[in-house]
Every structure is written in C-alpha cells, then in structure tokens.
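Just so you know, all these numbers are worked out from the coordinates, no wet-lab data involved. These numbers come from a predicted model, not from an experiment. Backbone-built Cβ (ideal geometry, glycine too); neighbour counts: all protein chains shown.
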Amino acid sequence: MLAAQRADAAAVGQDASARAVHVAADEELRRGSVPDLDENESAPAVHRDVLAFGYLDAMTSEKRRARLLVVDLDDTIWTWFDAWHSSFSELLRVTSELSGISTTELKRAIRPIHQRHGTSEYSWLLDELDQLGDLVPAGTTVAEYFDPALHAQNHARKVTTQLYPGVRETLTYLRDNGTTVVAYTESLAFWTRWRIQQTSLDGLISELYSSPDHDTPDGVDLESRRTLPSEEYELHSTEHRHVPAGIVKPNPSILQQILDDHAVPASEAVYVGDSVMKDVAMAQRVGAIDVLAAYGVKTNDPRYRLLQDVSHWPDSTVAKEQDKSPGVHPTPTLVLSRGLSDILDYVAFGRTVA
Ligand SMILES: [Mg+2]
C-alpha cells in the first residue's frame with residue numbers, strides 16, 4: 001500500500017477503517033515493503049471501495065500539492081524536550097550531590113549563563129558556575145571533578161534522543177519520491193549534528209540550515225573536549241549550510257532563503273514545526289503551507305517548568321508562549337496529531353527538481 005493511497009483512504013471519512021489502514025500502512029512502511037494493492041487480496045475494504053468507485057483520483061486532487069518539505073528538528077523530528085529534561089535533570093542532581101548546593105540555587109545561577117550564550121544546552125555550563133570553582137581541589141578542573149555529573153547527563157541524553165514514530169519511513173518515502181527535505185533549526189550546530197548521527201538521519205535530510213557553533217567560551221579548545229577524531233563529528237551526506245547567528249524564528253528570512261535556494265515558490269513548500277509561536281508564525285509570514293507538529297508540543301507538560309526556569313529565552317518570550325488569549329498566536333493551517341506521516345494525508349508531494 002502506498003502512503004498516498006493510505007492518505008486517500010483516511011480522507012474518505014470512514015474513521016475506524018481509515019485508522020486500520022493507517023496502522024497497516026505504518027507497519028508496511030516499517031518493514032520496508034510496499035505491496036501492490038491490486039495484487040493484495042487482504043487489502044482493507046476501504047481501499048477496494050476507493051478503487052472500485054474511482055475515488056482515488058478525486059481524493060488525490062483534494063490534497064494540497066507541494067515539492068519541498070522544510071522541517072524544524074527539535075520535537076518535530078526527534079524527542080528534544082524529553083532528552084533535554086532527562087539529561088539536564090541528571091546534570092542538576094549529580095552536581096547538587098557533589099557540591100552540596102541545592103538544585104534551586106543552581107537553577108538560579110544557571111539561567112543567566114544560558115541567556116549569555118543564547119542556548120539552554122550550553123556545553124561548558126559547569127565551568128562557568130562560579131559556585132563550583134571554589135569546591136574543586138587544587139590541580140583539578142571543574143570538568144574533571146564534576147565528571148560524574150557530565151557523564152550522567154550524556155548518558156541520559158543518549159538513551160532519550162529518539163526519532164518520533166514514522167519519521168524515518170516518511171523521510172525515506174519522500175527521498176525516494178524525489179522530494180527534497182530541508183531542516184532548519186535554531187539549536188547549536190554541534191548538538192544538532194550529534195542528533196542527526198545518533199538517529200541515523202545523515203542523508204535522509206538533504207540540507208541542514210543552522211548557525212555555526214557559538215557556545216565555545218574564550219580560551220576553551222573545542223578539540224580538548226572531544227573524544228573522537230574531528231571527522232567523526234561531521235555529517236557525510238547531509239549538507240550543512242550555515243546561516244547568520246542571531247536570527248531567530250519567527251523571523252522569516254532564513255526560510256525565505258531556503259525557498260530561494262531551491263527555486264521553489266512558497267505556495268509549493270511545506271513547513272512543519274512544533275511551535276505555533278515560532279514555526280507556524282514564520283511559515284505563514286513567507287506564505288508556505290504551515291503545519292503544526294502537534295504530537296511534539298510539550299508546553300503543557302508539567303516537566304516544561306524546568307526548561308522555563310533555566311531558559312535562555314527572555315521572560316517576555318517565556319510568558320508569550322504560555323499566553324492562550326485569542327489573537328496572540330496564529331492558527332495553524334494543518335495539524336499533525338499522530339506523527340509526521342500524517343502530512344502524507346494532506347499533501348501530495350512531487351519532485352523538487354523537475
Ligand atoms: Mg522545535
């Protein structure tokens with residue numbers, strides 16, 4: 001069953017059948033098999049109806065058409081918040097145990113450091129916490145003394161960084177379909193490259209647009225913190241295109257640049273992200289088909305409070321994200337509730353390069 005056919009079946013309105021089709025299609029995609037519907041006697045009834053009554057073309061024609069997919073990464077493609085929360089919690093817990101400083105006091109000291117560096121996953125956080133420097137024995141660095149905290153953080157990050165279900169299958173389908181998939185993230189290049197490698201997405205994303213790393217403190221040699229040869233940290237198939245630092249979503253200039261680089265008009269481009277305030281607003285500003293990855297939204301999660309407590313965002317941005325008043329945030333045009341593969345229910349993707 002082809003994904004497009006699955007999507008058409010879902011659009012017929014037979015919810016239970018459509019759901020069954022969805023599950024079956026997902027399973028087939030997972031297995032990598034794409035059986036020919038005509039030869040598949042066990043095809044769900046809804047498909048036979050669709051084909052018999054000639055609905056397939058009608059349903060396809062109701063879909064939007066596009067030939068470029070641009071995606072946010074964190075909490076759209078992979079589980080960023082879950083990984084951040086578990087890894088940062090571990091860092092806090094072990095640092096507090098080793099230092100005797102309460103987590104409340106640590107959080108209070110951490111936020112200005114995050115704000116100074118424009119990121120909430122600053123690699124040299126412990127080095128810049130003044131409270132810790134005095135506790136370290138002579139001849140030992142902060143990083144060495146608090147290595148158990150860094151180790152706990154890295155371990156938690158590794159086991160909790162995962163693709164959302166259906167992402168790999170959807171990106172594989174699009175690549176095989178000739179549709180270019182571009183990623184645009186505000187996150188730091190180092191950790192973004194690490195996540196692409198960790199989730200084996202190198203090559204499934206055609207290009208990554210992000211700022212160069214800017215979180216290395218003066219006097220710290222990045223290579224000194226790396227345990228593998230530098231080429232191990234590079235992407236091999238996904239092209240990394242650097243964009244100017246300091247431009248944050250919903251500023252539309254980078255997304256517009258992506259469209260221009262691919263010679264695709266906004267009306268034929270889809271942008272998917274998990275933030276209404278940033279992703280949806282940005283896509284609407286350039287006129288792309290804006291899509292909310294609702295399955296990745298974490299702002300109502302009780303654990304989100306920890307991120308707010310130490311966020312590099314200004315207070316006004318943190319408050320606006322939580323503001324549910326009418327008119328504060330745009331209404332997304334399309335909403336994906338189950339996963340990225342839902343996009344195939346709404347959009348018929350064509351080849352990016354004719
Ligand atoms: Mg995101």
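Checking the a/c ratio against 1.5 first, then a/b against b/c, what shape does the Cα gyration tensor give for the range 66-110?
prolate
Sorting Tyr233, Tyr164 on the 10 Å Cβ count, fewest up front, what's the list?
Working: Tyr233 15, Tyr164 22.
Lowest to highest Cβ neighbour count: Tyr233, Tyr164.
Using Cβ counts within 10 Å as a stand-in for footprinting exposure, how do Ile110, Ile77 rank, fewest first? Let's see the in-between values first.
Working: Ile110 25, Ile77 30.
Final ranking by Cβ density, sparse to dense: Ile110, Ile77.
Most exposed first by the Cβ proxy, i.e. fewest other Cβ within 10 Å, how do His242, His236 rank?
His236, His242
Amide H neighbours of Ser120 under 5 Å, counting only residues 5+ apart in sequence or on other chains, H built in-plane at 1.01 Å?
His312
Pairwise over distinct Cα atoms, reciprocal of the mean inverse distance: report the Kirkwood radius of the range 235-341 in Å, one decimal place. Spell out each step's value before the answer.
Details: mean 1/r = 0.0652 Å⁻¹.
Evaluated over the range 235-341, this radius sits at 15.3 Å.
Got a sec to turn the phi values of the range 301-307 into Karplus ³J(HN,Hα) couplings, 6.51 cos²θ - 1.76 cosθ + 1.60 with θ = phi - 60°, whole Hz, x for Gly and Pro?
Residue by residue, the range 301-307 yields 6, x, 6, 5, 4, 4, 5 Hz.
Determine the dipole magnitude for the range 83-159: charges of +1 sit on the beta-carbon of Lys and Arg, -1 on that of Asp and Glu, nothing else is charged, the reference point is the Cα centre, and the result goes in debye to the nearest 20.
360 debye
Of all alpha-carbon pairs in the range 83-159, indicate the percentage at a distance above 18 angstrom.
When all Cα pairs of the range 83-159 are counted, 35 percent exceed 18 Å.
Assuming R0 = 30 Å, can you tell me the calculated FRET efficiency for the pair Gln198 and Asp315, based on Cβ-Cβ distance, to the nearest 0.05?
That gives a FRET efficiency of 0.40.
Show me 260-267, 172-179 ranked by packing, highest mean number of other Cβ atoms within 10 Å first.
Output ranking for 260-267, 172-179: 172-179, 260-267.
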